[in-house]
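Coordinate-derived values only; no laboratory data. This one's a predicted model, so the numbers in the text were calculated from it and none came from an experiment. Here Cβ is always computed from backbone atoms with ideal geometry, including for glycine, and neighbour counts include all displayed protein chains.
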């Protein structure tokens with residue numbers, strides 16, 4: 001079963017990452033400043049997923065903190081750029097080429113979900129399901145004020161100021177840019193972010209990127225990587 005389907009955005013992002021190849025590599029390089037500033041609030045262990053990870057800067061930073069990280073994107077040219085750094089630094093980052101709007105992650109899988117500069121409102125409820133009770137969410141993306149700075153930006157990809165706080169109002173918001181939050185933090189103009197905790201006690205179940213009790217498996221062989229991320233004997237995320 002394929003978790004990619006024809007999408008003009010795939011080619012657009014592949015070209016973009018090819019044009020910026022070699023830029024911004026390495027742990028801590030270009031990791032989101034809000035993520036770095038609030039990492040003391042994170043457990044720094046368990047299984048994390050970086051959705052729409054691009055070239056993997058945040059995924060590598062999370063791995064250096066102590067997480068195992070599944071790094072998801074539909075642009076192969078971005079994912080492959082993080083492989084040399086993953087190998088060199090022996091980081092537990094597992095690239096997964098897939099369309100995250102179609103990928104069947106199981107409920108209560110992740111200790112942390114990270115989303116940066118990606119907006120698909122239909123995934124908000126999915127993200128809540130994918131997180132374990134007590135799991136953490138770091139979400140940062142463009143808000144409507146960004147259009148006054150970049151008027152040519154697609155308005156379909158911006159949220160309203162404070163929308164993240166509203167959509168995840170059932171979470172404990174630990175940090176946010178929104179003035180309605182008690183944990184007001186400064187961020188760049190036109191950017192919204194939240195760091196929140198899903199309600200409930202943490203589930204004491206071990207999950208890792210190489211195996212999960214619900215049945216999916218993900219493994220990567222960096223030396224001589226063949227271009228296939230295997231999920232199970234019956235499923236692959238992509239083939240080359």
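Over the C-alpha atoms of the stretch 82-169, what are the Rg and the largest Cα-to-Cα span, Dmax, in Å?
Using the Cα atoms of the stretch 82-169, the pair Rg, Dmax is 15.5, 42 Å.
Calculate the translational D of the stretch 42-197 in whole µm² s⁻¹ from Stokes-Einstein, where the hydrodynamic radius comes from the Kirkwood formula applied to all Cα pairs, the temperature is 25 °C and the viscosity 0.890 mPa s.
The calculation lands on 153 µm²/s.
Please compute one quarter of the surface area of the Cα convex hull for the stretch 66-125 and express it in square nanometres.
Directional mean of the projected Cα hull area for the stretch 66-125 stands at 4.8 nm².
I need the shape label for the stretch 120-178. Rule: rounded when a/c is under 1.5, else prolate if a/b > b/c, else oblate, with a, b, c from the alpha carbon gyration tensor.
prolate
Can you sort 65, 136, 41, 60 so the residue with the fewest Cβ neighbours within 10 Å comes first?
Listing 65, 136, 41, 60 from fewest to most nearby Cβ atoms yields 41, 65, 136, 60.
Would you please put 71-78, 155-162 in order of how densely packed they are, using the mean number of other Cβ atoms within 10 angstrom per residue and starting with the highest?
So the peptides 71-78, 155-162, ranked by packing, come out 71-78, 155-162.
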